[in-house]
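Remarks on the structure that follows.
Rule-based calculations on the coordinates, nothing more; no lab input. Note that this is a predicted model, so its numbers are computed, not measured. Cβ sites come from the backbone with ideal geometry, for glycine too, and all protein chains shown count toward neighbours.
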Amino acid sequence: MKRFLLCVALVVSAAVASAQAPPQPQREHQEMAREAGVWTATTKMWMDPSAEPEVGQATETNTMLGNMWLVSKFEGEFGGMPFTGHGQFGYDPVAKKYVGTWIDTMSPYMMTMEGEYNVADHTLTMVTKGRDFMTNEICEGKNVTRYVDDDHKTFTMYQKKGDEYTKTLEIEYTRQK
């Protein structure tokens, strides 16, 4: 019996010693958590870069999933039709990049993104990849979020055409109190 208990004790202590601690939130996860809350949004969308933008109103509700993932729900109207989008955003500590996915009611395709935060100008730039829902072709783009202060941010979406980026969407956000 003593041998059996000794073997059990050795197996348990080996398992405990070899177990890794669960991942802990990084500084980047904590910075991302500032997005949590409800935001009022004014949207400007350019279907044609030479035309006036279509202006609309929306609401974005962001919640943290644990301490490492931001889940976003965006509700508004685009092109006179109701629009809902969902995003999941986090930080990959191995790649040292912010990462995310986006799905919405306008497209059957998911967009993926990764990027970096520039501390000096308080800007998160994410390079995006997905399919254009109108042409079904792979398209690339860039999303830039500039944090004005804790309660205001500006999001700008660009679509890549050749070597150039064209602004397609701008959203001004104000945190609801």
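Annotations for the structure displayed:
- Calculated P(r) of the chain - Cα pairs past 24 Å, %: 44 percent
- Long pairs among Lys97/Lys142; Lys129/Lys160; Lys73/Lys97; Lys142/Lys167; Lys44/Lys167, criterion Cα-Cα beyond 18 Å: Lys73/Lys97
- Per-residue ellipticity at 222 nm, computed for the chain from helices alone with -39500 (n - 2.57) per DSSP H run of at least four residues, works out to -4000 deg cm²/dmol.
- Nearest 10 degrees, 0 to 90: helix 2-18 Cα axis against the chain principal axis: 30 degrees
- Counting charges near Lys153 (Lys, Arg +1; Asp, Glu -1) among other residues having Cβ under 9 Å from its Cβ returns a value of -2.
- Cα centroid of segment 140-177 to Cα centroid of segment 39-67, whole Å: 9 Å
- Relative contact order (%) - criterion: Cα under 8 Å, at least six apart; region: the chain: 16 percent
- Rounded to the nearest 20 debye, the dipole size of segment 23-175 about its Cα centre is 360 debye, using +1 on the Cβ of Lys and Arg and -1 on the Cβ of Asp and Glu.
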